[in-house]
Amino acid sequence: MRKIIVLGAGYGGISAAKRLHKKFKKDDNTEIILIDKNPHHTLLTELHEVAGNRVKPTSLLIDLERIFKYTKVKVVRDEVTSINFEENKVVSKNNNYNYDYLVIACGSEPAYFNIPGLEENGYTLWSMQDATKIKNQIINMFEQASRETNPQKRKELLTFVVGGGGFTGIEILGELVKWTKVLAKEYGINPDEVQLKVVEAADKILPTLPDSLVKKATKYLKKHKVDILTKNYDHLCF
Ligand SMILES: Cc1cc2nc3c(=O)[nH]c(=O)nc-3n(C[C@H](O)[C@H](O)[C@H](O)COP(=O)(O)OP(=O)(O)OC[C@H]3O[C@@H](n4cnc5c(N)ncnc54)[C@H](O)[C@@H]3O)c2cc1C
């Protein structure tokens, strides 16, 4: 019996497992196992919608058993701690899984670009837990600001800075532009007190997009009073 293990049920792992199923569905000598620490696939690309309170976390979770119900892929929920390549073994806290072929698709980690203090003080948007943390932090800041009478402290509580003006950074800002207005109303705060900023190392936001789209996004954000701090933001011509 040939055993193929796919590690991680993200976009990569699911796509690999589906293709393997297609190729080996009639092969009784091949077993396909998909291991993930969660029972669901998370639509990572939509996390900003949870962070910005537009959708419920459950709307971004897809049950793995459902995805693979009519396939020969066996879904196993477990958190892998190491891989023994010499003995072809995937190891978790309580189990060992032997394999003949291994597909590693465990995802990646956020990069902090050696910026001092970023990891300790910043919030990442990399998982459902992260998105929920950001959402709760924003609500918490509005709650505190509504009770704060010192104008300087209020200003600090109501200033939100997004690090990075790539797709995810601008997507989350788009959410914040809308949601902070709703929160301001809810907590009896003047929306003009809320400050949104984006800091981008390149000389424009969305640097991989054509200039016409950069211009459009910049115009929209400026219309909503978002501070765009790029490398040469003083010279920004849009
Ligand atoms: C907020 C956000 C927005 C994005 N937007 C876009 C976009 O618009 N377009 C685009 O192309 N890309 C986007 N990306 C990037 C895209 O999501 C990633 O490139 C993609 O998710 C990578 O897929 P993957 O399968 O390699 O890993 P992941 O999707 O991260 O999946 C890894 C899987 O491995 C599992 N896992 C990890 N460690 C273990 C372990 N020890 N044991 C068991 N299971 C484990 C995890 O639970 C997870 O299910 C975005 C990413 C984020 C965070």
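At-a-glance table
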| read-out | value |
| --- | --- |
| Lone unmet requirement of (1) within 9 Å of the ligand (Cβ to nearest atom); (2) surrounded by fewer than 17 Cβ atoms within 10 Å (Cβ to Cβ); (3) over 28 Å from residue 88 (Cα atoms) for residue 55 | (1) |
| Helices (runs of 4 or more DSSP H) fully within the stretch 129-238 counting 2 or more residues that are farther than 22 Å from residue 51 by Cβ | 151-157, 211-223 |
| The stretch 9-23, subset near the ligand (Cβ under 7 Å from one of its atoms) and part of a helix (DSSP H, G or I), residue farthest from the chain's Cα centre (by Cα) | 13 |
| Number of positions in the stretch 98-128 that are within 11 Å of the ligand (Cβ to nearest atom) and not in a loop (DSSP other than H, G, I, E, B) | 3 |
| Leading residue by the ranking (nearest to the ligand (Cβ to nearest atom)) among those in the stretch 24-52 that are in a helix (DSSP H, G or I) and open to solvent by less than 20 Å² (accessible area, probe 1.4 Å) | 47 |
| Residue within the stretch 182-190 that is open to solvent by 60 Å² or more (accessible area, probe 1.4 Å) and among the acidic types (Asp, Glu) present | yes |
| Any hit, the stretch 143-161, residues being among the hydroxyl-bearing types (Ser, Thr, Tyr), within 16 Å of the ligand (Cβ to nearest atom) and either out of contact with any Asp or Glu (no Cβ under 6 Å at 6 or more places or on another chain) or without any contact (Cβ under 8 Å) to a residue 60 or more places away in the chain (or both) | no |
| Test: residue 206 is surrounded by 14 or more Cβ atoms within 10 Å (Cβ to Cβ) and free of Cβ contacts under 8 Å to residues at least 24 places away in the same chain | no |
| The stretch 109-123 residues that are of a type in the set (Asp, Glu), paired with ones that are open to solvent by 70 Å² or more (accessible area, probe 1.4 Å) and in a loop (DSSP other than H, G, I, E, B) (beta carbon under 9 Å, 6 or more apart) | 109/126 |
| Set 68, 113, 85: member being on the phi > 0 side of the Ramachandran plot and aromatic (Phe, Trp, Tyr) | 113 |
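Okay, residues lined up against (1) within 26 Å of the chain's Cα centre (by Cα); (2) open to solvent by less than 60 Å² (accessible area, probe 1.4 Å):
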{"position": "69", "(1), (2)": "no, no"}
{"position": "81", "(1), (2)": "yes, no"}
{"position": "85", "(1), (2)": "no, no"}
{"position": "99", "(1), (2)": "no, yes"}
{"position": "130", "(1), (2)": "yes, yes"}
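The values are calculated or read from the model by the stated rules, or taken from the named source; none is laboratory data. Please read these numbers as outputs of a predicted model, since none were measured by experiment. Every residue, glycine among them, receives a Cβ derived from its backbone with ideal geometry; neighbour counts consider all protein chains shown. For accessibility, only protein heavy atoms count, side chains too; no ligands or nucleic acids. Shrake-Rupley method; radii C 1.70, N 1.55, O 1.52, S 1.80 Å.
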